[in-house]
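Novice: Have a look at the structure that comes next, please.
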Amino acid sequence: MPLAFLAPVFLAGLALLAVPLIIHLTHRQRKEVTAFPSLMFLRQIPYRTVRRQRIRHWVLFALRCLAIILLALAFARPLFQRGGLAGAASTSTGAREIVILLDRSYSMGYGDRWTRAIEAARRVLDGMRASDRATIVLFAGAAEAVGRPSSDRATLNAMLDGARLSSGATRYAPAIGLASTILAESQLPRREAVLISDFQRSGWTGDTDARLPAGATVTPVDLSDPNPSDVAVANVALQRSRSASRERVLATARLTNIGEQPETRTVTVALNGRALEAKQVSIPARGAAAVTFAAFALPEGSSRVVVSADVDALPSNDTSFVSVAPGEVIDVLIVDDLAASANASLYLRRALELGENPPFRVALAKGNRLGTAELRGRHVVILNDVNPGAAAVRALREFVHRGGGLLMTLGERATRGAWSSEARELLPAAINSVADRMESGSARLAGIEYSHPVFEPFRAPRSGDWTSGRFFRFASTTVADSAVVIASFDDGAVALAERPLGEGTVALWTSTFDGSWNDLPVQPVFLPFVHQLAKHLAGYAPVKQSWKVGEVVNLSQKDANSSGGADSLAGASASEPSLTAKGTPGAPGGITVPELVARAPSGGTIGFAAGARDRYLALAERGFYEIRRIGSAGQPERVIAVNLDPAESDMTRIDPAVLVRAIAPRVSANASATDTVSLTAEARERRQSVWWYLLVAALLALAAETALSNRLSRHGAVG
Amino acid sequence: MPALRSPTSFLDPAVLARIDSLELLAKTVVQGFLTGLHRAPKLGMSMDFAEHRAYMPGDDTRRIDWRLYGRTDRFYIKEFEADTNANVYLLLDISRSMAFSSAGISKLDYGRYLAASLAYFCNRQRDRVGLVTFANTIVNVVPPALKHLDVVLHTIDRIEPGGQGALRDPLRAISEQVRRRSIVVLISDLYEEPVAVLQAATMLRGSGNDLIVFHILDPAEREFPFDGAGTFEDLESGERIPIVPEQLRDEYRRLVAEHITSLSSMLGAGAADYALFDTSTPLDYALFRFLSNRLRASRVR
C-alpha cells in the first residue's frame, strides 16, 4: 500500500526543519533586557562564539521537528494507493461496458465547462479498447441515451459532436437510473460509469434510491470552478394597474449574485422586442437586488416582456421572460328589484369596483325579466334581493349550466312573495321564513368553513373579524341535499350555501348586502368577502405569467375555457384567460376542438390532434412558446413564457465523493465499497482524509511543545 | 502546635520592608538587638548622674558636690555615666546600581534600613550621628549632632537612587569635612577596583577616623543565576552587551569572589573593617559587626 501525495510541492516545507535546528543550536536572544548593577566583571570575560554550542532541550527540539514534518505531510495531502486493486483494474483484460453520463444542464454553460466536459468524454472514448462498448447519456432534468451502446469510436465521437447544452436543471437521479439499466443489461465483464458534471448540490436530493448495479464502478469528473461568479435574473414580477381603459404594468426584476464580489449590471426591459428602459443595478456579493422599471401601457393581445442583464460567464440565466395580456376582468351583472331604490346595490357595486386583481366590470340591471342577451359575456350574476320570474330563472339556469356563477341575496322583496317551483329548484336552500333578531339580540356568523375558497383568505389569525358583523334579520332556510353550507349563524341557521349546477355554481346569501338586515357592508371583511365570492363564482384562477423549463402545460384546459363563448381563445382576442377552470356561458356550444400547434423558442413545432382530450406540452426550452390554431394567421392565440429553473443558478458544489458513495452499488458484507468504486486520486484522498489525522497530530505536537516550552521558560531555561 | 518564630526573624530585611516608618523600623531593629545587652560600667563625663564617692586628692574640685558638703560637711565627688560623644558618619551609596534587586528588597533599601538602624543605635549610645549620601558626588549631608536623628531618618527616607557610583571624589570631600575623629560607616556595593576602594578608604583613615565598610550585594550579583542568551544593561552607564549567562557564570563567580577577597584583604589590612552582606542577611549581623568594631575602637582609645 504505497504512499502518494496529491500536492507533493508542500513537501518542500520540510526545509523548515532547519528553523528549530538553528534555534536549538543557537541561543535565542531574549527580547527583554536584563538590568544589572554593573557589567564590570562581565566585560572582563572574553566573548564566545556559537560554534561550540550543541543542541539543547532535545525533547523540545524533537517536538518542533515532528510538528513541522506532520504539517508538511498534511499539506501534501497524502493518500494510500491500493496497489492491488489499481493494478488489477489496470491489468484486467475484460471488455468494459462504459456509460458516459454527460451533464448538459444549463449551468454547464458557465465559462468553458461544456468544452471541458466534451474533452473529458473524448478522453474516455480514447481510452476504449476494441472490445469495450460505450453509451453516451446526456442528462439535465431528464436523462437521454444518445444512440445505442457502441464500440465504434467514430460513431461515439459523432454523438458527442451533436451534444448540446439544454435549458434544464441538473438532476442526477434519472441519469443514474438510466446508467444502472444499461449496465445491468450488459453482459460484458466490467461495467463502468463516468460521471462528467459540475456537481451542483441542487441536483442531488439524496432521497432517491438510484444506484448502480453490483460490480459497477463510477468515476467522477469534476468540472466545477472553485469560486464561480455569476449574476442571474432570478425572476420578474409584474404589477398591473388600470387607468382609464388601459392597463399599465410595473415590472420588477430580481437579480442574484453568487460571486464573492459585488457586481454592477445594466438591466434592460423590452416589450415585444422593443427596449423600453435600461437601468444600472448593483448587486452585493452573495446577495440579491431588485430593480423596478417605469410602468408601461399594455398593448392588445399577448405581450412578451423580456428582462435581460449584461452577459457574463453564464449567459443563459441573464434573461427572464414573462408573457402578459390584458383582459383579466370579471364581468359581474347586479340585478336589482324594480322597486328597489337606486342605492340598493351601492355597497355591492362599490366593493366590486374597487377590485384590481382582477378588476371587476360591474353592470346593473333592473327588473326580474332576464334573458340570454343580458347574460351574454357575464361571469357572475348577482340577484340582489330579487325574486326572479320564470323566464329569468330559465335563462339563469342555462347560464349556470354553462359555467356561470349565480349569487342570490335575500331581503324584504325576495322573501315577500312565493318563489316559483323552477326558481326553488335553482336555490341551494328552500326559504322558510324570516328570522327577526331585532329584539332577542343580533345574530352573528359563527360557523364558517375556512377551507372553502371564499373564506380561505380569512383563515389565518388577524385576517378578518367575522364576529363584528351583526345580523338583525335573515331568511330561515332548509338546505337542499346537493348544497353545501359554507357559513352559518350562531343559531345554526344557514348564512351562505352553494350548490353546483352544470359547470357553474349557485350561491345563496340569506341576508342582504345593502345594510338593511345587517351591518356587514360597513365591516372591514365585507370588501374582501365580496371579491372572494365573485372570484369563486366566476371560477377565477390567477394567470401564470411564466413557467419553468421542465414543467408541462395542459393546453386542453385552455381550450375547455374557450369552448364556451365570449372568453374563448378566438373570441377574447387571444388574451390570457383568467377563467381557466370554467368556460363562460352564453355562447353557442358544440364547437369542435380545433387542432393546435405549439412553436418552441428554437423554432421547432409540436402538433396536437383535434380529438385529443388532454394535450400536454412539455416545456423544454427557455423563451416564448407560441400556441396557434392550424390555419389561423396573425397573432398567436397563446404565448407561454418559459424560464430556466433558478435553482440551477446556485452553483454550490456537492463533494463528488459523497455523490459517488450515494450511487455506488450496495456492498455486501464481505466486500468493501472501494472494491466497487474506482475513484480519482483526489476523491480517494478526500475519502481517506489522512491529512486530517496528520493535522491533528501536528496540533497535538504543537500543544505539547507549547506546554514544555512554557515550563522551560518559567525556569528561564529555554532558548 | 505552631512553630515558634525565631526572634531574629524580626530582623529579616524582607520582614522589615513591611514597616513603613523608618524610625519604627530602626527602633525595632535596635531594641531587638539590644535585648540582653548590658551597659558598660565605664564612668565618664555626661549628664547622667551615676553615684557619689569620697573626694580624693587630685580630683577635680569642680566635680565636688557642694550641696552635699553643706549637709554632711564632707567632700564628695559626683560620678556620671560614661559618654564618648563620638561622631558617627554614615556614608550611604545611592548610585543607580544600588537600586538592583533580584528578589526581596533592593540593595539601596537594605542600606537604607541599615543606616537607619545604625543611626538609631548610635543615638541611643549618645553618639552624634551624621549622614552623607553620595553617588559620584555628594548628594546630601546631615552634619553629626545628638539631635539630628529625625533629620537623618527623614533624609534616609527620601533617598532616591541616581547617578553613577564612584568613591574617590565623594570620600575625599568627606575626609576634608571631617575635622574631629569620627567613626565612618561606608555602605556601598563597591563596584570599583579594590585598589581604588583602598585609596578612598585610606583618605578617610588618614584623618584618624575609624572606617567600617559594609559591602552590600544582591544574591544574584554573587551567584549570577541567569539563563538564556540576552542583553544585559548596566544600570549606571546604560551600556548593553549580549551575554550567554550559562557560558559566563563560572567565570563571573570567580571574578566576583576575587573582587571580594581583594577588598577584604586590602581593607582588612588596616585601612578599614570590611564586612560583606547580601540583601538576604539579617540586619542584626551588621549591627553586631558595628558594635564589635565600636568596642574595639573604644578599647583602642
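The values are calculated or read from the model by the stated rules, or taken from the named source; none is laboratory data. Since the structure is predicted, the reported quantities are computational estimates derived from the model, not experimental observations. Ideal geometry is used to build each Cβ from the backbone, glycine not excepted, and the neighbour counts take in all protein chains shown. What goes into the accessible areas is simple: the full protein's heavy atoms, side chains included, and nothing from ligands, DNA or RNA. Shrake-Rupley method; radii C 1.70, N 1.55, O 1.52, S 1.80 Å.
Novice: Can you run the Rg to Rh ratio on segment A:127-248? Use alpha carbon positions and the Kirkwood inverse-distance Rh.
Specialist: Rounded to two decimals, Rg over Rh is 1.18.
Novice: While we're on this one: With angles folded into 0 to 90 degrees, how steeply does helix A:172-185 sit against the dominant principal axis of chain A? Use alpha carbons for both and round to 10.
Specialist: 70
Novice: Under 5 Å between amide hydrogens, which residues at least 5 positions from residue A:192 or on another chain qualify, with H placed 1.01 Å from N in the peptide plane?
Specialist: Placed amide hydrogens put A:97, A:98, A:99, A:217 under 5 Å from residue A:192.
Novice: Something else now. Note the angle between two axes, namely the Cα long axis of helix A:113-126 and the longest principal axis of the Cα atoms of chain A, as a number of degrees from 0 to 90, rounded to the nearest 10.
Specialist: 60
Novice: I'd like the distance between the alpha-carbon centres of segment B:185-223 and segment A:366-440, rounded to an integer number of Å.
Specialist: After rounding, the separation between the Cα centres reads 131 Å.
Novice: Mind ranking A:430-437, B:226-233 by how tightly packed they are, going by the mean number of other C-beta atoms within 10 angstrom, highest first? The partial results should precede the final answer.
Specialist: Values: A:430-437: 15.5, B:226-233: 18.5.
My ranking of the peptides, most packed first, is B:226-233, A:430-437.
Novice: Another question about this same structure. Using label points projected 7 Å from each Cα along Cα→Cβ, tell me how many nm separate residue B:158 and residue A:595, to one decimal.
Specialist: Output for this residue pair reads 12.4 nm.
Novice: Tell me the label-point distance for the pair residue A:115, residue A:294, using the 7 Å Cα-to-Cβ offset, in nm and rounded to one decimal.
Specialist: 4.2
Novice: Using the Karplus equation 6.51 cos²θ - 1.76 cosθ + 1.60 (θ = phi - 60°), what ³J(HN,Hα) coupling, rounded to whole Hz, does each residue of segment A:370-381 give in order, writing x for Gly and Pro?
Specialist: Values, residue by residue: 9, x, 4, 5, 5, 8, 5, x, 7, 9, 9, 10 Hz.
Novice: Using amide H atoms built in the peptide plane, which far-off residues or other-chain residues are under 5 Å from residue B:185 H to H?
Specialist: Residues meeting the amide H criterion: B:89, B:90, B:91, B:212.
Novice: In a solvent-free Debye calculation with one equal scatterer on each Cα, what is log10 I(q)/I(0) for segment A:330-538 at q = 0.12 Å⁻¹, listed in the order of the q values?
Specialist: -0.54
Novice: A further question on this structure: Can you order the peptides A:485-491, A:156-162 by their average number of other Cβ atoms within 10 Å per residue, highest first?
Specialist: Working: A:485-491: 19.4, A:156-162: 16.3.
Going by the mean number of other Cβ atoms within 10 Å, highest first, we get A:485-491, A:156-162.
Novice: In nm, what is the difference between 0.36 nm times the number of residues separating residue A:450 and residue A:279 and their Cα-Cα distance?
Specialist: 57.1 nm
Novice: Between segment A:290-313 and segment B:132-176, what is the C-alpha centre distance in whole Å?
Specialist: After rounding, the separation between the Cα centres reads 98 Å.
Novice: Please tell me the relative contact order of chain A in percent, rounded to the nearest whole number, where contacts are Cα pairs under 8 Å and at least six residues apart.
Specialist: Details: 1561 pairs, mean separation 101.9, N = 719.
Once normalised by length, the contact order is 14 percent.
Novice: Next question. If one computes P(r) from the Cα atoms of chain A, what percent of pairs lie at distances over 36 Å?
Specialist: 63
Novice: Counting only the heavy atoms of the protein chains, how much of residue B:124 is accessible to a 1.4 Å probe, in Å² to the nearest 10?
Specialist: We get 110 Å² for residue B:124.
Novice: Ignoring any ligand, DNA or RNA, what whole percent of the accessible area of segment A:112-256 comes from carbon and sulfur when the probe is 1.4 angstrom?
Specialist: 49
Novice: Please report, in whole Å³, the volume per residue of the convex hull around the C-alpha atoms of segment A:323-450.
Specialist: It is 157 Å³ per residue.
Novice: Please report the net charge: other residues with Cβ closer than 13 Å to the Cβ of residue B:171, K and R +1, D and E -1.
Specialist: Surrounding charge for residue B:171 is -1.
Novice: For segment B:195-200, take each phi angle, set θ = phi - 60°, evaluate the Karplus expression 6.51 cos²θ - 1.76 cosθ + 1.60, and give the result in whole Hz per residue in order, putting x for glycine and proline.
Specialist: Each residue of segment B:195-200 in turn: 5, 5, 5, 5, 4, 5 Hz.
Novice: Using only the heavy atoms of the protein chains and a 1.4 Å probe, how would A:691, A:58 rank by accessible area, largest first?
Specialist: A:58, A:691
Novice: What does the structure give for B:95-102 when I average, per residue, the other chain Cβ atoms found within 10 Å of the residue Cβ?
Specialist: Values: counts 2, 3, 5, 1, 2, 4, 2, 2.
That works out to 3 on average.
Novice: Which of the trypsin sites (Lys or Arg not before Pro) across segment B:150-232 are loop residues per DSSP, with 14 or fewer other Cβ within 10 Å?
Specialist: B:158, B:179, B:180, B:181
Novice: For residue A:188 and residue A:692, compute 0.36 nm times the residue count separating them, minus their Cα-Cα distance, and round to one decimal in nm.
Specialist: Working: separation 504, 0.36 × 504 = 181.44 nm, distance 3.94 nm.
Gain on extension, residue A:188 to residue A:692, equals 177.5 nm.
Novice: State the volume of the convex hull built on the alpha-carbon positions of segment B:227-274, expressed per residue in Å³ and rounded to an integer.
Specialist: Per-residue hull volume (Cα only) is 92 Å³.
Novice: Here is a follow-up. If one takes the longest principal axis of the Cα atoms in chain A, at what angle in degrees, from 0 to 90 and to the nearest 10, does the Cα axis of helix A:390-401 lie?
Specialist: The angle comes out at about 20 degrees.
Novice: Also: Residue A:446's amide H: which non-local residues (gap 5+, or another chain) put their own amide H closer than 5 Å, with H modeled 1.01 Å from N in plane and none for Pro or chain starts?
Specialist: Answer set, sorted by chain and number: A:488, A:489, A:490.
Novice: Right, something else. Karplus couplings for segment A:286-296 from phi (6.51 cos²θ - 1.76 cosθ + 1.60, θ = phi - 60°), rounded to Hz, Gly and Pro as x?
Specialist: Values, residue by residue: 6, x, 9, 9, 10, 10, 10, 9, 5, 5, 10 Hz.
Novice: Any chance you could check the Cα centroid distance between segment A:490-538 and segment A:201-257 for me, in angstrom?
Specialist: 42
Novice: At q = 0.15, 0.18, 0.23 Å⁻¹, work out log10 I(q)/I(0) for segment A:234-326 with the Debye formula, treating every Cα as an identical point scatterer and leaving solvent out; two decimals please.
Specialist: -0.57, -0.77, -1.13
Novice: Would you calculate the separation in nanometres between label points at residue A:522 and residue A:144, each defined as 7 Å from the Cα along the Cα-to-beta-carbon direction?
Specialist: In this crude spin-label approximation the distance works out to 6.6 nm.
Novice: Dipole of segment A:285-384, Cα-centred, from +1 at each Lys and Arg C-beta and -1 at each Asp and Glu C-beta, to the nearest 20 debye?
Specialist: Approximately 420 debye in magnitude.
Novice: Shifting gears a bit: State, to one decimal in nm², a quarter of the convex hull surface area for the C-alpha atoms of segment B:168-227, i.e. the direction-averaged projected area. Intermediate values should be presented prior to the final figure.
Specialist: Numbers: hull surface 18.0 nm².
Mean shadow area of the hull around the Cα atoms is 4.5 nm².
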